[in-house]
Each structure stands twice: as structure tokens, then as C-alpha cells.
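Structure first, commentary second.
The values are calculated or read from the model by the stated rules, or taken from the named source; none is laboratory data. The structure presented is a predicted model; accordingly, all values stated were derived computationally and were not measured. When we count neighbours, we look across all protein chains shown, and the Cβ atoms used for this are built from the backbone with ideal geometry, even at glycine. Accessible surface is based on the protein model in full, side chains and every heavy atom, while ligands, DNA and RNA are left aside. Shrake-Rupley method; radii C 1.70, N 1.55, O 1.52, S 1.80 Å.
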Amino acid sequence: MTQWTQLGPREREVLSVLRRADAPLTARDLLDAVRSRGDEVAYTTVKRTVDRLVEKGLVERDAETHRGRTRHRYRFDVEAARDRLVPAFAEELRAVLGEPAAERLARAVRTERGGGDGGDADAPDARPRHDDY
């Protein structure tokens, strides 16, 4: 299983907030964002969740001095997360769907991103079909 599939709902929610943030957030900022989504959660729960994400290597934490104390700011590093998650996810995909379906999916993603591989990515059979999965 990939690390991504091992994330709990709260971890995914915190990552979602961090991914959409324009700047690093404090645990208090994260708490406010999660609560604004209608989830009544305690500060300690959010803090513990984001610290677990730091341990998993999906979130980076920077320290700063604020009112004479140390405060942390968190950010989701998309590139680092992609480097950690995509290879494991691709391996899991191949194990579940098989190599041909995984390759068709990869070509379709490259085509949608505009980064076709110059091969048969635009060919009709290059697009994933429901029965390929």
C-alpha cells in the first residue's frame, strides 16, 4: 500500500488545506481552516495530525520566534510528496491493474497535461477505458 492510501481522513483534510494555502500556516491557522469547513476539532488534534504528516515526510515544518516563544509554520511540499508517493502508487497500480492498463493510464495523463510522449498517446486505444481497470 502507498503512504497516500494509509492516510486517514483528518490527515487528508489537513493536506488539502495546506495544498491550497498561499503561504505556510501555523497550527492555529490550520485549526481555523478545518473548523471553517464545519469540522469541530480540537487544537491538539490538528497539531498532532500535522506533526504526524511531518514525520511521514509529506509536510515541512519551519520554526520562528513569536512573542518570545517558538512557533511552527507548516507547508505541503508538492514536489517532495510527489517524489515519495508517485513511485509507490505506480507500483501498486501495476500490481492491481497490470502493466498494460497502467501504461495506458500514464499515457492518458501525459496527454491531458499536454506532455504527450510523441508516440501513440493520441491514438484512440491510448485513452483508458472502463474495462481496462
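Which of the numbered conditions does D131 fail, given that it passes all the others? Conditions: (1) open to solvent by 70 Å² or more (accessible area, probe 1.4 Å); (2) modelled with pLDDT of 90 or more.
Every condition holds for D131 apart from (2).
To keep it simple, each residue is scored yes or no on (1) free of Cβ contacts under 8 Å to residues at least 60 places away in the same chain; (2) among the hydrophobic types (A, V, I, L, M, F, W, C); (3) more than 26 Å from L18 (Cα to Cα).
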| position | (1), (2), (3) |
| --- | --- |
| V54 | yes, yes, no |
| F76 | no, yes, no |
| A95 | yes, yes, yes |
| A101 | yes, yes, yes |
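Within the range 22-38, can you find the residues that are out of contact with any Asp or Glu (no Cβ under 7 Å at 6 or more places or on another chain) and within 17 Å of R10 (Cβ to Cβ)?
Within the range 22-38, L25, A27, R28, D29, L30, L31, D32, A33, R35, S36, R37, G38 meet the criteria.
Only helices (runs of 4 or more DSSP H) wholly contained in the range 12-99 count here; list those with 1 or more residues that are surrounded by 13 or more Cβ atoms within 10 Å (Cβ to Cβ), small (G, A, S) and at pLDDT 90 or above.
Result: 27-36.
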